[in-house]
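J.: A single structure is presented below for examination.
Each value in this text was obtained by applying a stated rule to the coordinates, not by laboratory testing. The structure presented is a predicted model; accordingly, all values stated were derived computationally and were not measured. Cβ coordinates were reconstructed from backbone atoms using ideal geometry, including for glycine residues, and neighbour counts include every protein chain displayed.
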Amino acid sequence: MDIFEHTVLCNKCNSKTKKNNALLEGFQVRTLECNKCSEVIYHPGDLKEFENFKSLKSRDFDVKLRMVGNSFCISIPKELIDFHKQGEKEFNNIMKLNLESPGKIIIYLYREGRKSL
């Protein structure tokens, strides 16, 4: 059971907190905020995911570029896919790819209307 599903009182002023969200480096984290003293409590599970995100974001991955028929193929490290798919067992999705600038390609691991893989 998730503690954020229940009423939580502020540990500083004993007032009822309200649910909200915070954006940490582009990563959404659930919070509980106290209107009285402005105390913010971050969801521990979301903070753990955020730390995992920061760890993956700080790493550089060396990947292979291969010719397959008339296309090129890159291998995406399993850690990156596992971070995004969160529990899906099968993986066969259409993703979005854009050329942002010379030498920079962006791969979106989700499509519009979907949260993630």
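J.: Fewest first, what order do VAL29, VAL40 take by the number of other Cβ atoms within 10 Å?
T.: VAL40, VAL29
J.: Looking at the chain, identify the longest residue range that excludes and avoids all trypsin sites (Lys or Arg not before Pro) in DSSP loops having at most 10 other Cβ atoms within 10 Å.
T.: 1-58
J.: Quick one: Karplus J couplings for region 10-21, per residue in order, coefficients 6.51, -1.76, 1.60, θ = phi - 60°, nearest Hz, x for Gly and Pro?
T.: Result, rounded to whole Hz: 5, 7, 8, 10, 6, 8, 5, 9, 10, 6, 7, 10.
J.: Would you mind checking LYS57/LYS104; LYS57/LYS85; LYS48/LYS85; LYS12/LYS54 for any pair whose Cα atoms are more than 23 angstrom apart? Working shown, then result.
T.: Details: LYS57/LYS104 16 Å; LYS57/LYS85 16 Å; LYS48/LYS85 16 Å; LYS12/LYS54 30 Å.
Those over the limit are LYS12/LYS54.
J.: Continuing with this model, one more query. Hey, what does the equivalent ellipsoid look like for the chain, semi-axes from the Cα gyration tensor as sqrt of 5 times each eigenvalue, largest first, whole Å?
T.: Working from the Cα gyration tensor, I get semi-axes of 39, 15, 13 Å.
J.: Under 18 Å between alpha carbons, and skipping anything fewer than 8 positions from LYS18 in its own chain: which lysines qualify?
T.: Answer for LYS18, where 18 Å is the Cα cut-off: LYS36, listed by chain and number.
J.: Which value in nm describes the separation of the simple spin-label points at MET67 and LYS54, placed 7 Å from the Cα toward the beta carbon?
T.: Placing both labels 7 Å beyond Cα along the Cβ direction yields 4.4 nm.
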